[in-house]
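Undergrad: My structure is below; once you've seen it, I'll send some questions.
The values are calculated or read from the model by the stated rules, or taken from the named source; none is laboratory data. Please read all numbers here as calculations on a predicted model, not as lab measurements. Cβ atoms come from the backbone with ideal geometry, glycine included; neighbour counts cover every protein chain shown.
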């Protein structure tokens, strides 16, 4: 996980940084800056975004790729790779960010962000009430789906491998082939 650079920052501090195309996020007020992702990562993000935008056009809601700030608290601001907001939650979309939890959050692995996404962000999404968190693990060639239980905790992740299909109660009627999500087996 990239080392936090400073503590005690808020969204206003984050918004004051120059628009230099660096990905900056806050978790517990700690600034995390990550490098630009690799081509395979961006291909997966593009595929998922296209599928979720098509779904949103047909079923309602909105889907966005990064960069879109998701303001969970004033000191917890993240930029997931892809988010889906259900029709009932479109009021959470403001001019500059999504205020509160998205209905589905997707993070695609990168070597520099693996620990951040599997630990800090997963815990933040759970605490913030994100109903589904998908972790697309390009190294392990799989998709992990974390679903929120009624007690507010994520259940053990559903692990989907090539040849399987991702079906989500948050996205009724959508079926995603894991092979399509992961892209070509050779990356």
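Undergrad: Tell me which residues, restricted to the range 140-154, are at pLDDT below 95 and either surrounded by 17 or more Cβ atoms within 10 Å (Cβ to Cβ) or closer than 17 Å to residue 167 by Cα (or both).
TA: Selection gives nothing.
Undergrad: Of all residues in the range 82-116, count the ones that are touching a residue at least 24 places away in the same chain (Cβ under 8 Å), closer than 26 Å to residue 36 by Cβ, assigned to a strand (DSSP E or B) and touching a strand residue (DSSP E or B) at 6+ places or on another chain (Cβ under 6 Å).
TA: Here the count works out to 10.
Undergrad: Could you tell me whether residue 63 is touching a helix residue (DSSP H, G or I) at 6+ places or on another chain (Cβ under 7 Å) and surrounded by 17 or more Cβ atoms within 10 Å (Cβ to Cβ)?
TA: Values: touching a helix residue (DSSP H, G or I) at 6+ places or on another chain (Cβ under 7 Å): yes; surrounded by 17 or more Cβ atoms within 10 Å (Cβ to Cβ): yes.
Yes: the conditions hold for residue 63.
Undergrad: Confirm whether residue 56 is closer than 30 Å to residue 185 by Cα, at pLDDT 95 or above and surrounded by fewer than 18 Cβ atoms within 10 Å (Cβ to Cβ). Even if it seems obvious, please write down each step before you answer.
TA: Working: closer than 30 Å to residue 185 by Cα: yes; at pLDDT 95 or above: yes; surrounded by fewer than 18 Cβ atoms within 10 Å (Cβ to Cβ): no.
It is false that residue 56 is closer than 30 Å to residue 185 by Cα, at pLDDT 95 or above and surrounded by fewer than 18 Cβ atoms within 10 Å (Cβ to Cβ).
Undergrad: Do we find that residue 31 is farther than 24 Å from residue 183 by Cα, in a strand (DSSP E or B), free of Cβ contacts under 8 Å to residues at least 60 places away in the same chain and in contact with a helix residue (DSSP H, G or I) (Cβ under 8 Å, 6 or more places away or on another chain) in this structure? Walk me through it before giving the result.
TA: Numbers: farther than 24 Å from residue 183 by Cα: yes; in a strand (DSSP E or B): yes; free of Cβ contacts under 8 Å to residues at least 60 places away in the same chain: yes; in contact with a helix residue (DSSP H, G or I) (Cβ under 8 Å, 6 or more places away or on another chain): yes.
Considered against the rule, which asks whether it is farther than 24 Å from residue 183 by Cα, in a strand (DSSP E or B), free of Cβ contacts under 8 Å to residues at least 60 places away in the same chain and in contact with a helix residue (DSSP H, G or I) (Cβ under 8 Å, 6 or more places away or on another chain), residue 31 comes out as yes.
Undergrad: So, one more: What pairs come out if I take residues in the range 117-139 that are at negative phi and surrounded by 18 or more Cβ atoms within 10 Å (Cβ to Cβ) and pair them with residues that are modelled with pLDDT of 90 or more and assigned to a helix (DSSP H, G or I) whose C-beta lies under 6 Å away, six or more apart or interchain?
TA: 133/125; 136/44
Undergrad: Just wondering, is there one or more residues in the range 149-172 that are part of a strand (DSSP E or B), over 12 Å from the mean Cα position of the chain (by Cα) and closer than 27 Å to residue 11 by Cα? If you could, list the steps in order and put the result at the bottom.
TA: Step one: filter the range 149-172 for residues part of a strand (DSSP E or B), giving 154, 158-161, 165-167.
Narrowing the set further to residues that are over 12 Å from the mean Cα position of the chain (by Cα) leaves 154, 158-161, 165-167.
Going one step further and asking which of them are closer than 27 Å to residue 11 by Cα, we end up with 154.
So far as the range 149-172 goes, yes, one or more of its residues are part of a strand (DSSP E or B), over 12 Å from the mean Cα position of the chain (by Cα) and closer than 27 Å to residue 11 by Cα.
To keep it simple, each residue is scored yes or no on (1) farther than 24 Å from residue 183 by Cα; (2) modelled with pLDDT under 90; (3) out of contact with any strand residue (DSSP E or B) (no Cβ under 9 Å at 6 or more places or on another chain); (4) part of a loop (DSSP other than H, G, I, E, B).
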{"site": "7", "(1), (2), (3), (4)": "yes, yes, no, yes"}
{"site": "64", "(1), (2), (3), (4)": "no, no, no, no"}
{"site": "70", "(1), (2), (3), (4)": "yes, no, no, no"}
{"site": "80", "(1), (2), (3), (4)": "no, no, no, yes"}
